[in-house]
Each structure stands twice: as structure tokens, then as C-alpha cells.
Amino acid sequence: MDVKVHQVERGERLWSQNVHSLSPDRINHARKIMKEVLFFSPFNPDYLQIAGRLGIWNDYAECANSSGSKVAESNNENKETDEATCRNEAIDAYTNLFTDSQSVRPYWPYSYSDQALLLSFFLDDNAARKDAYYKSWALAFELGGNEPGVSLSLVQASLNGWDLVSWKHKAKVVGLVQQIASKPGVEILGVLNVIEQYGMTEQFCNVLSLQEGASKFVRQKCRL
């Protein structure tokens with residue numbers, strides 16, 4: 001079972017790096033795998049999380065395709081409205097699977113960081129959506145801010161919605177990156193690589209350059 005689940009997770013990593021790489025056929029294949037897995041382990045919180053994420057990925061792709069097919073008969077404003085409505089309904093429908101997972105394992109930080117990361121791809125001016133994102137981000141940080149996988153997801157989630165999140169939230173993200181940079185080891189390298197992917201190396205390096213005892217990875221990436 002775990003081998004099949006790992007295949008699904010590898011596909012998800014590709015989609016999170018580039019949402020335009022979403023393939024309906026691959027999503028459907030992944031969902032069939034998870035349906036089979038959940039048949040044998042219906043209460044596994046990890047599998048419930050993955051199923052929830054796949055549902056949102058699937059509906060994200062379907063919403064984009066369905067709104068795109070209306071371009072010839074509708075203007076761009078209506079197209080964007082149709083896609084946003086479809087997308088919000090999809091997120092609401094599959095958030096319940098995250099809730100189920102969290103009810104089984106309420107103190108597992110990866111559940112909340114996964115939720116924050118996924119929600120970040122769909123952030124807009126919807127206040128309820130932002131509140132759900134902030135809540136899941138804060139819980140993940142509170143429960144596992146020192147976990148490398150959690151902190152990396154939280155940084156990426158924040159960069160996804162950087163233009164839409166509050167300045168207060170941005171300050172928390174900068175503080176998290178500084179916290180990671182102050183620790184020994186290679187964790188900061190992964191974070192800096194993600195920051196580079198979003199074209200924000202200069203902004204974060206300006207802050208990290210003021211921090212005492214910068215690691216060799218910070219010095220190399222920031223050319224200090």
C-alpha cells in the first residue's frame with residue numbers, strides 16, 4: 001500500500017511546483033489508488049489527508065477547464081467569476097477530509113501544514129478562505145514549527161500567497177526563516193531554494209545578512 005501512496009505523493013510534489021502541470025488522467029489514476037487504499041484503511045489520517053488534497057487538485061483542474069471552455073461565449077470577467085465559484089465549492093467539499101484526519105490525530109502538525117500549503121494555492125480576497133489558511137498555518141507552527149518538513153511547507157505556503165497575506169503574517173514568515181537560519185544543518189538550504197524559486201532571494205537575504213552567525217549555506221546563497 002505504501003508504495004502506491006508514495007507514487008501519488010510524488011505526483012503531488014510536481015503539481016505543487018507547477019499547477020499548470022496538472023494532468024486530469026494522472027489525477028484520476030491517483031484518486032483510484034487512494035480509493036483502493038482507503039477501502040482497506042478507511043481511518044488512516046495520512047490517507048484521508050491525501051484523498052482530500054487529490055479531491056481539491058482534481059476540482060481545481062476541472063474548474064479551470066470548464067471555465068476555459070466558456071471563453072468563446074463569455075467575457076474574461078465572467079470566466080474568472082465562474083472559476084472562482086467552482087474552486088471555492090471544491091475546497092469546501094474536500095476540507096472535510098482534512099477535518100476527519102485532524103479529528104483522528106489533532107496534534108499532528110503535518111496535517112495543518114499540508115492544509116495551509118494547499119489552501120495557499122487558492123487564496124483570493126475571500127475572507128473565510130484566508131481565515132482558514134491563517135488558522136491552519138498558525139496551528140502547524142504551534143505544533144511543529146521546529147520540524148523541517150513543517151517549516152518548509154509553511155514557508156512555501158506563505159510565498160504562494162505573498163501578495164494576498166497581511167503584513168503581520170509576512171513578519172511571522174520572516175521570523176520563521178530567521179529561526180531556521182539560526183539552526184545548524186542543511187534545513188535552511190531547502191528553504192532558500194524554495195525562496196529562490198519564487199524570485200525572493202534578495203528580499204530575504206537582506207534580512208538574513210543582518211543576522212549574526214550566518215551559516216555557510218546562507219553566505220553562499222546570499223553571497224555574503
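How long are the three semi-axes of the equivalent ellipsoid for region 25-65, computed from the Cα gyration tensor as the root of 5 times each eigenvalue, in whole Å, largest first?
Working through the eigenvalues yields semi-axes of 21, 11, 5 Å.
Considering every pair of different Cα atoms, what Kirkwood radius, in Å, is found for region 107-224?
14.3
Any idea what the relative contact order of region 108-193 is, in percent, if you count C-alpha pairs under 8 Å spaced at least 6 apart?
On the way: 88 pairs, mean separation 25.8, N = 86.
It comes to 30 percent, rounded to a whole number.
Every number here is computed from the coordinates shown, using simple stated rules; none is lab data. Please read all numbers here as calculations on a predicted model, not as lab measurements.
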